[in-house]
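Data block below; observations after.
The values are calculated or read from the model by the stated rules, or taken from the named source; none is laboratory data. For clarity, every value in this text was computed on a predicted model and none was experimentally measured. Positions of Cβ are generated from backbone atoms using ideal geometry, with glycine treated the same way; all protein chains shown enter the neighbour counts.
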Amino acid sequence: MSTEIPAALRDRLASWLAEQSPAGLRQQTEQLRQAYAGGQNSASVDLAAYISTRMPATYAAIAFVLREVALVQPDFAPASMLDVGAGPGTASFAAQTTWPSLSTFILVEQDARFAALAETLAKTLLPTHDVIRQNLFSAAPQVDAVIAAYVLAELPKAQIMKAVLHLWRQTQHTLVVVEPGTPQGFARVRASRDALLAAGAYLIGPCTHAQACPMVAPDWCHFKTRLPRSRAHMHAKAASVPFEDEAFAWLAVSRFAAPLPQARILAPPRTNKVAVTMRVCDALGLHDESFASRHKATYNAAKKLKWGDSLPLPRVPDDD
Ligand SMILES: C[S@@+](CC[C@H](N)C(=O)[O-])C[C@H]1O[C@@H](n2cnc3c(N)ncnc32)[C@H](O)[C@@H]1O
C-alpha cells in the first residue's frame, strides 16, 4: 500500500495552494521548521508551508503505521474514527485509504485556520464527517478507531498522559499514536505504552510483546519512511534532492488481543554475501538477527525486509 498522498487529495491540495499567495513560502517554511524544532505548537505555523512541506511527511508516516496496524489486525474494519489534533485531516485521509470501511469521520482541531482547511478538504473527499473546533479534552463520541498524529508533542507535559487516557476512553477498538521520531517523541510513546498497558490495553505495534520496553538511552525506538518531494516542496525547502526521510515513533493498542508478529526491525538491515543482519526487538529484547545466505529462501525473503517491518521469518536454528 502506498504511503503517498492519493491523487484526489493531492489535486485538491494543489488547487488550494494555487489560491494562496506563494510569496514568502520559503521563509514561512523556515519559520515552521524553527517553530517545531524549538518545541512550539502549530498556532504560529503558516498553513501553506504546512501543506507543502509537513503534510506529505506526516501522511507518509501515518500511512506506514496504519499499514502495520492493518497487518496485525486484518479483520479490523472500522466504521467510525476520531482524528485528534487533525490539522488538515491528514490521519483521516490516510485512514480512508487503509480502511475503506470507514463511513464516519470526526475531526477534532482547536485551531480555526486548520479546522477551516480540514472542512474544505473533507467536504469533497470524506463521506459523513464533522470537523469540531475544540480542544481534544472536550467530549466527543466513542468510535472504532482513534488516531492522534503529531499532537501529543504540542500538549503541555503535564497533560500528555491525561490526554492519552482520555483518548483511550473514546476508543471502542483501536487507538493509534504517531509522534515525531525524536528521543522526546519516543519518550511520549513509551510513557503512553506504560499507561495504556496499565489501563488494560492490548499491544498491536510496533512492539511484538508486552514486556518492559528494552530500549536504553541514548538509543530510541523510531522508524523512517522515504517520500518524494513535489516541486512546491522542493521550492519551499530550497531542497536539492527529490525525496526526504520522515522519522517517526508510534504506538497502537486495542481493546482486543491480536496475534503479534515475531519481531520488529529497528534499523536498516545490513546485507552482504554471507547474510542479512538486522537489529530487532522481540520478547528476548533487543538483538541482531541474521539470515545466512546458505538458507537461500529465508535469505532472499530477508533481503526484501525494511526498517519498521515486522519479521515473519522463521529462525533457522543452525544460523547461530
Ligand atoms: C503538527 S499538527 C498535526 C496535524 C495532523 N494530525 C498531521 O499529522 O498532519 C498538530 C495539530 O494539533 C492541533 N492541536 C494541538 N493541540 C491541540 C489540542 N489540545 N486540541 C486539539 N487540537 C490540538 C494543532 O492545532 C495542529 O493542527
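Tabulated data for the structure shown
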read-out: Residue match in region 211-229 (condition: on the phi > 0 side of the Ramachandran plot and more than 20 Å from the chain's Cα centre (by Cα)); value: no
read-out: Residue in region 183-206 that is farther than 30 Å from Ser310 by Cα and touching a helix residue (DSSP H, G or I) at 6+ places or on another chain (Cβ under 8 Å) present; value: no
read-out: Matching strands (runs of 3 or more DSSP E) fully within region 220-320 where at least 3 residues are farther than 21 Å from Val189 by Cα; value: 223-228, 275-282, 285-292
read-out: Candidate set: region 57-74, residues that are near the ligand (Cβ under 10 Å from one of its atoms) and of a type in the set (Gly, Ala, Ser); chosen: the one modelled with the highest pLDDT; value: Ala61
read-out: Restricting region 116-134 to residues that are in contact (Cβ under 8 Å) with a residue 60 or more places away in the chain and either of a type in the set (Asp, Glu) or more than 13 Å from the ligand (Cβ to nearest atom) (or both), the residue that is farthest from Phe186 (Cα to Cα); value: Thr124
read-out: Of all residues making up region 24-51, the number that are among the polar types (S, T, N, Q), near the ligand (Cβ under 10 Å from one of its atoms) and over 20 Å from the mean Cα position of the chain (by Cα); value: 0
read-out: Boolean, Ala149 is closer than 16 Å to Ala95 by Cα, of a type outside the set (D, E, K, R) and within 11 Å of the ligand (Cβ to nearest atom); value: yes
read-out: Residues (assigned to a helix (DSSP H, G or I) and either closer than 26 Å to Arg54 by Cα or polar (S, T, N, Q) (or both)) located in region 167-189; value: Leu167, Pro183, Gln184, Gly185, Phe186, Ala187, Arg188, Val189
read-out: One residue from Arg10, Arg113, Arg54 being away from the ligand (no atom under 11 Å from the Cβ) and of a type in the set (D, E, K, R); value: Arg10
read-out: Condition met for Thr53 (of a type outside the set (Phe, Trp, Tyr), buried (at least 21 other Cβ atoms within 10 Å of the Cβ) and touching a Gly at 6+ places or on another chain (Cβ under 9 Å)); value: no
read-out: Every residue from region 12-25 that is touching a helix residue (DSSP H, G or I) at 6+ places or on another chain (Cβ under 6 Å) and either over 17 Å from Thr90 (Cα atoms) or without any contact (Cβ under 8 Å) to a residue 24 or more places away in the chain (or both); value: Gln20, Leu25
read-out: Subset of region 6-30 [modelled with pLDDT under 90 and among the polar types (S, T, N, Q)]; value: Gln20, Ser21, Gln27, Gln28, Thr29
read-out: Any hit, region 162-177, residues being crowded, with 18+ Cβ neighbours inside 10 Å and closer than 29 Å to Glu30 by Cβ; value: yes
read-out: Condition met for Phe137 (farther than 24 Å from Leu13 by Cβ, of a type in the set (Phe, Trp, Tyr) and within 14 Å of the ligand (Cβ to nearest atom)); value: yes
read-out: Leading residue by the ranking (farthest from Glu179 (Cα to Cα)) among those in region 78-91 that are buried (at least 21 other Cβ atoms within 10 Å of the Cβ) and more than 9 Å from the ligand (Cβ to nearest atom); value: Met81
read-out: Check on Ser103, out of contact with any Cys (no Cβ under 8 Å at 6 or more places or on another chain) and at pLDDT below 95; value: no
read-out: Subset of region 66-85 [over 18 Å from Leu107 (Cβ atoms) and either in contact with a Lys or Arg (Cβ under 9 Å, 6 or more places away or on another chain) or of a type outside the set (Phe, Trp, Tyr) (or both)]; value: Arg67, Glu68, Val69, Ala70, Leu71, Val72, Gln73, Pro74, Asp75, Ala77
